[in-house]
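First up is the structure itself, then whatever we jot down about it.
The values are calculated or read from the model by the stated rules, or taken from the named source; none is laboratory data. Keep in mind that this is a model prediction, so the values were computed, not measured. Quick reminder, even Gly has a Cβ in these numbers, built from the backbone with ideal geometry, and neighbours come from all protein chains shown. Just the protein is used for accessible areas: all its heavy atoms, side chains included, with ligands, DNA and RNA removed. Shrake-Rupley method; radii C 1.70, N 1.55, O 1.52, S 1.80 Å.
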Amino acid sequence: MAKKILMVDDDKELCEEVRDILVDEGFDFDAVHTGTEGLERIRRGAYDLVLLDLKIPGCNGFEILSAVRMMAESPRIIVLTGRPLARQLPDELKPSQDKDEEILALADAVLNKPFDIDLLLNKLSDLTDSPS
């Protein structure tokens, strides 16, 4: 049975590109473009993995990640972000207490946009034990 992936990202073109690739790789794929709809779908429990943008309309990716990790059973989550992550900044530019970074630590993986599709496929394989 194919692994089910949900992409929560307001970039519709990116979602279509990722859909084409992942469907060809044997995954079932859905996409939504608001955080509110994404969280609603995740709570229904139908997905093995979520590709989650941080900056989306409705509830943002940080809110979704926090909420999902409080669920009894939660899917794997790969955060896709275009913002620089504190752990990638030089020490002198890092915030002393970055709550966002603490929340990001709840993700199974974090990829910066633009991301390499081969890297995404490797992460998906690692996290889902490959689609059937």
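In the range 65-81, the qualifying residues are those that are in a loop (DSSP other than H, G, I, E, B) and either β-branched (Val, Ile, Thr) or in contact (Cβ under 8 Å) with a residue 24 or more places away in the chain (or both), and the one that is most open to solvent (accessible area, probe 1.4 Å) is Glu73. Within the range 111-122, the only residue that satisfies the criterion of being in a strand (DSSP E or B) and modelled with pLDDT of 90 or more is Leu111.
Go through the residues of the range 47-65 one by one and say whether even a single one is farther than 16 Å from Ala105 by Cα and among the hydroxyl-bearing types (Ser, Thr, Tyr). The answer is yes; a qualifying residue exists.
Within the range 17-64, the set of residues being in a helix (DSSP H, G or I), open to solvent by 70 Å² or more (accessible area, probe 1.4 Å) and either touching a residue at least 12 places away in the same chain (Cβ under 8 Å) or in contact with a Leu (Cβ under 6 Å, 6 or more places away or on another chain) (or both) comprises Arg19, Thr36, Glu37, Arg43, Glu63.
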